[in-house]
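See structure below.
The values are calculated or read from the model by the stated rules, or taken from the named source; none is laboratory data. Model, not experiment: these values are computed from the prediction. All Cβ positions, even for glycine, are placed from backbone atoms using ideal geometry, and neighbour counts span all protein chains on display.
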Amino acid sequence: MSDKNTIARPYARAIFEIAKETQQLPLWGGFLENLELIALNKDFNNLVDNPSFSAALALEVALDCLADTPTKEQENFIGLLLSGKRISIFPEIRSIFELLRKTDSGVTTAEVYTPYELREDETKAIEAEVSRKFGGNCVLRIIISPDLIGGVVIKVGDAVVDFSVKGRLRAFEQQIV
């Protein structure tokens, strides 16, 4: 997963800079939302993966499926992803773009991995701590991760804070060895 994020980050940053520079953040946000539906479509992915079909045909299909007529930059972006066989990283590109957009508006998004549903007081405590540590308003994205034994792992951008039992056991193991 982190590999995909590493590959997706430059694309997302470039799109974000273009959208911000042209004051079209909402337009690009809507475009990326629509494109995600296409990129996650099984039939579209079969078309892209089939060597019998060209990237130009896949681009034409994607453009026909979009809700709104794309700008030239958006058309070029889709073409770039298709020709570079990078359509599979699109969900990560959109996720990073949205994170950049929220960060730019002063909102910090934290992904919280937990093995169970958090109580409201636990959620508020995590929000307060993330807001204090990273500044700005905080929005939590709770992800249930049954492979954790207990505790939570919090990711804000590239920063990871591991309060999980699994993480503490790993740290203890490192101290012993």
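Here are some notes:
- Checked against the criterion of being part of a helix (DSSP H, G or I), crowded, with 17+ Cβ neighbours inside 10 Å and charged (D, E, K, R), the candidates R94, R170, R132 yield just one match: R94.
- Within the stretch 68-91, considering residues that are loosely packed, with under 12 Cβ neighbours inside 10 Å and over 16 Å from I18 (Cα atoms), the one modelled with the lowest pLDDT: D68
- Here the condition is being out of contact with any strand residue (DSSP E or B) (no Cβ under 9 Å at 6 or more places or on another chain), surrounded by fewer than 17 Cβ atoms within 10 Å (Cβ to Cβ), in the same structural domain as W28 (by TED's automatic domain parsing) and not aromatic (F, W, Y); of A125, A56, it holds for A56 alone.
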